[in-house]
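Step one of this worksheet: look at the structure below.
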Amino acid sequence: MTSQTDAEMNNKRVVIEGVKPEIDSGRHPIKRVLGERIVVEADVFTDGHEALSCELLYRPGTSGAWLAVPMEPLVNDRWRAEFTVTGLGKYSYTIHAWLDPFKLWSRNLVKRLEVGQDVTIELLIGANLIDDTLHRTKGNDAALLSTYAEQLRAGPESGVPAALSGELAALMLAHADREGGITYDRELEVVVDPVRARFGAWYEFFPRSCWEDNCTHGTLKIAEGRLPYMKELGFDVVYLPPIHPIGNTKRKGKNNNVLAQPDDVGSPWAIGSDLGGHKSVSPDLGTFQDFKRFVQKATKLGMDVALDIAFQCSPDHPYVKEHPEWFKLRPDNTIQYAENPPKKYEDIYPFDFDTPHWREMWAELRSIIEFWINHGVTIFRIDNPHTKPLRFWKWLIGGIKETHPETIFLAEAFTRPKIMYYLAKVGFTQSYNYFPWRNSAWELTEYFTELTRTDVKEFFRPNLWPNTPDILHESLQHGGRPAFMSRFVLAATLGASYGIYGPAYELCVNTPVAPGKEEYLDSEKYEIKHWDTGRADSLKTLLARVNKIRHDNPALQSNDNLRFYQTGNEHLLAYSKATDDLSNVILVIVNLDPLSTQSGTVEVPIQELGIDPFAPYLVQDLLTGTYYEWSGTHNYVQLNPHVLPAHILLLSSK
């Protein structure tokens, strides 16, 4: 049996538990972006009346020397400290604690002094504790400690002021005997992403569609010409569906018709033909040089390009001929096409992740991501990741981020909550979510409280989309333009990251393929659309205004500062966001009824937001520029959805 010192045995009396943030006992990392703080708390205690000292240990990466931050006691044996992440990639953190005899001595000395006891002997004990520390100390600190020990031995007149010195306490803590302390039994990890992982507005569009009357098939060159317009609207990310060659076999026609006409262009998600696969640009869109110029123009304008990655193949994809072993065979020796019974997607072959040749296939799929990174793309929207093995994503994303920590992966997984959350845990940077189907005030309050006020916030970053090429919710179908306005304001202010399926949203396209269906009639997924975003009824003015408000107000650039308030009306949703120092406070009120004017009294605990509850204060509607004078915690609002269904209010003391 290994012998242990008395100090080591004593320190085994220290207990460290209840560490926050910690996900699944440390099996998965938390997420932060550059410059954010990690506030760490833990329950640290021991038996008896001993005194403890605790430190938060952290370091960039998973090896190397630890940096230490003293933890401060809160209440009930709870301790807290924080550190800031300043580099991309991984950070590690843990907690170290030890019995601190000098702290115990100091605490008891104060108690003795308070009741007037003679502390001559106690000062000698303190001097001895300082002597025990000197062998771990060099230079000026050693000289200072020696002086303090002499003062303590000189008696109460000089010893008491010295003993109570903050400098002495700091020196003794700095040189305390940590070797025999207890370290938390696991090292926890943080994945640090670019700020774009937390904050950004996405605009999705199909580059093959047109904005010009004489256009028959859009190209990357034409799409490049639209980038200044998207920048003018205030978007940060332009997101392209797959830009690869589209297969001909079983090509889908308009409205997902199984019989395509000769001029039908097919679905971009039916990837691959004899012209190439996932590492090719469709010649109908242009060349790699055109794509390079598109990315360069977006970057010059301050926007990022996101590319759709769908790990599936058209029957015409080169992989099907070159690697038939990567696909599943049916009993009739044909390759299994994709299906979600009763739906059939015969224009798509899914990869067989159970193939004995999975290693080669996985490596090739990872090389697709690396290929597009080398062509300037660092943001990827991943199609249907929940239909692939979770372990595959952990391997792929983890490997990519080791060499490219700047990459962002958005999971398009509208599936069961635990799977959505687990995809985030294994590496996805952002996630689609249930926002399209949360429409009432209580649904939105309950759902976003879960996303922003529980441990979910540590690993799951929602990206809010009121519509997608696949989703036209009934609220938009029946609510018309007022619903498009209110759902947009909700997406852009409830979440720091949001996106729209662009032209269709701008123009309030809301006709479904059939009653009770969420798919669009004449969906752009299967045909080229001609968009006239210059129409008078376009929402472009609202889009630009809200995006400017988002950029001008840092309170709207985070998620975990969201708070909901009572309105006395189930059709009104009220919530605030504020910076930590309360220098920027935004209150949003949205009328969720697209048909009728709604009014109510908003109850806001203004004192918690830095507003004097006994004095009038100003609120400015940033959507209209109008100022209102409010007073107290209860104020009346009225919103006409046909004019403007929301207030975005900046609160300030008068």
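The values are calculated or read from the model by the stated rules, or taken from the named source; none is laboratory data. Nothing here was measured: the structure is a model prediction, and the numbers come from that model. Glycine gets a Cβ as well: all are built from the backbone with ideal geometry, and neighbour counts include every protein chain shown. Accessible surface areas use protein heavy atoms only, side chains included; no ligands, DNA or RNA. Shrake-Rupley method; radii C 1.70, N 1.55, O 1.52, S 1.80 Å.
Please go through segment 382-436 and pick out each residue that is among the polar types (S, T, N, Q) and open to solvent by 30 Å² or more (accessible area, probe 1.4 Å).
384, 387, 403
Kindly provide the set of residues from segment 84-128 that are in a helix (DSSP H, G or I) and of a type in the set (S, T, N, Q), ordered by number.
106, 108, 120, 128, listed by residue number.
How many residues does segment 33-91 contain that are among the aliphatic types (A, V, I, L, M), open to solvent by 80 Å² or more (accessible area, probe 1.4 Å) and in contact with an Asp or Glu (Cβ under 8 Å, 6 or more places away or on another chain)?
Pass one, segment 33-91, residues among the aliphatic types (A, V, I, L, M): 33-34, 38-40, 42, 44, 51-52, 56-57, 65, 67-69, 71, 74-75, 81, 85, 88.
Still in the running and open to solvent by 80 Å² or more (accessible area, probe 1.4 Å): 65, 67, 75.
From what's left, in contact with an Asp or Glu (Cβ under 8 Å, 6 or more places away or on another chain): none.
Total satisfying the criteria: 0.
Identify, from the list 98, 105, the residue that is closer than 27 Å to residue 122 by Cα, out of contact with any Cys (no Cβ under 6 Å at 6 or more places or on another chain), in contact (Cβ under 8 Å) with a residue 60 or more places away in the chain and aromatic (Phe, Trp, Tyr).
Sole residue among the options that is closer than 27 Å to residue 122 by Cα, out of contact with any Cys (no Cβ under 6 Å at 6 or more places or on another chain), in contact (Cβ under 8 Å) with a residue 60 or more places away in the chain and aromatic (Phe, Trp, Tyr): 98.
For segment 118-125, state whether one or more residues are polar (S, T, N, Q) and farther than 17 Å from residue 100 by Cβ.
Yes.
In this structure, does residue 441 turn out to be farther than 25 Å from residue 238 by Cα, among the small types (Gly, Ala, Ser) and touching a His at 6+ places or on another chain (Cβ under 8 Å)? Give the steps one after another, and end with the answer.
Details: farther than 25 Å from residue 238 by Cα: yes; among the small types (Gly, Ala, Ser): yes; touching a His at 6+ places or on another chain (Cβ under 8 Å): yes.
Taking the combined requirement at face value, the residue satisfies it.
Being in contact with a Ser or Thr (Cβ under 7 Å, 6 or more places away or on another chain) and either open to solvent by 40 Å² or more (accessible area, probe 1.4 Å) or in a loop (DSSP other than H, G, I, E, B) (or both) is the filter here; which residues of segment 487-512 pass it?
496, 507
I want to confirm something. Restricting to segment 536-582 and keeping residues that are modelled with pLDDT of 95 or more, open to solvent by 60 Å² or more (accessible area, probe 1.4 Å) and over 23 Å from the mean Cα position of the chain (by Cα), which single residue is nearest to residue 608 (Cα to Cα)?
Across segment 536-582, the extreme among qualifying residues is 566.
Return the residues of segment 597-621 that are buried (at least 20 other Cβ atoms within 10 Å of the Cβ) and among the polar types (S, T, N, Q); say none if nothing qualifies.
Within segment 597-621, just 598 meets the criteria.
What tally of residues in segment 425-449 results from selecting those that are farther than 20 Å from residue 410 by Cα and part of a helix (DSSP H, G or I)?
Residues flagged as farther than 20 Å from residue 410 by Cα and part of a helix (DSSP H, G or I) within segment 425-449 amount to 7.
Taking segment 162-173 on its own, how many of its residues are loosely packed, with under 14 Cβ neighbours inside 10 Å and not in a loop (DSSP other than H, G, I, E, B)?
3
Return yes when residue 624 is among the β-branched types (Val, Ile, Thr), open to solvent by 60 Å² or more (accessible area, probe 1.4 Å) and in a helix (DSSP H, G or I) and no when it is not.
No, not satisfied.
What number of residues within segment 186-230 are open to solvent by less than 20 Å² (accessible area, probe 1.4 Å) and of a type outside the set (Ser, Thr, Tyr)?
Taking segment 186-230 as the starting set, the residues that turn out to be open to solvent by less than 20 Å² (accessible area, probe 1.4 Å) are 188, 190, 192-193, 197, 199-210, 215, 218, 220, 223, 227, 230.
Narrowing the set further to residues that are of a type outside the set (Ser, Thr, Tyr) leaves 188, 190, 192-193, 197, 199-202, 204-208, 210, 215, 218, 220, 223, 227, 230.
Qualifying residue count for the region: 21.
Residue pairs, Cβ under 8 Å, 6 or more apart or interchain, first in segment 413-435 and within 11 Å of residue 31 (Cα to Cα) and β-branched (Val, Ile, Thr), second at pLDDT 95 or above and in a loop (DSSP other than H, G, I, E, B). List them.
429/407; 429/461
Could you tell me which numbered condition residue 306 fails, if it satisfies all but one of (1) crowded, with 21+ Cβ neighbours inside 10 Å; (2) over 20 Å from residue 202 (Cβ atoms); (3) within 31 Å of the chain's Cα centre (by Cα); (4) not β-branched (Val, Ile, Thr)?
(2) is the only condition that residue 306 fails.
Name every residue in segment 231-290 that is buried (at least 21 other Cβ atoms within 10 Å of the Cβ), farther than 23 Å from residue 513 by Cα and among the hydroxyl-bearing types (Ser, Thr, Tyr), in order of residue number.
Within segment 231-290, 239, 273, 282 qualify.
Among the candidates 177, 131, 141, which residue alone is assigned to a loop (DSSP other than H, G, I, E, B) and among the acidic types (Asp, Glu)?
177
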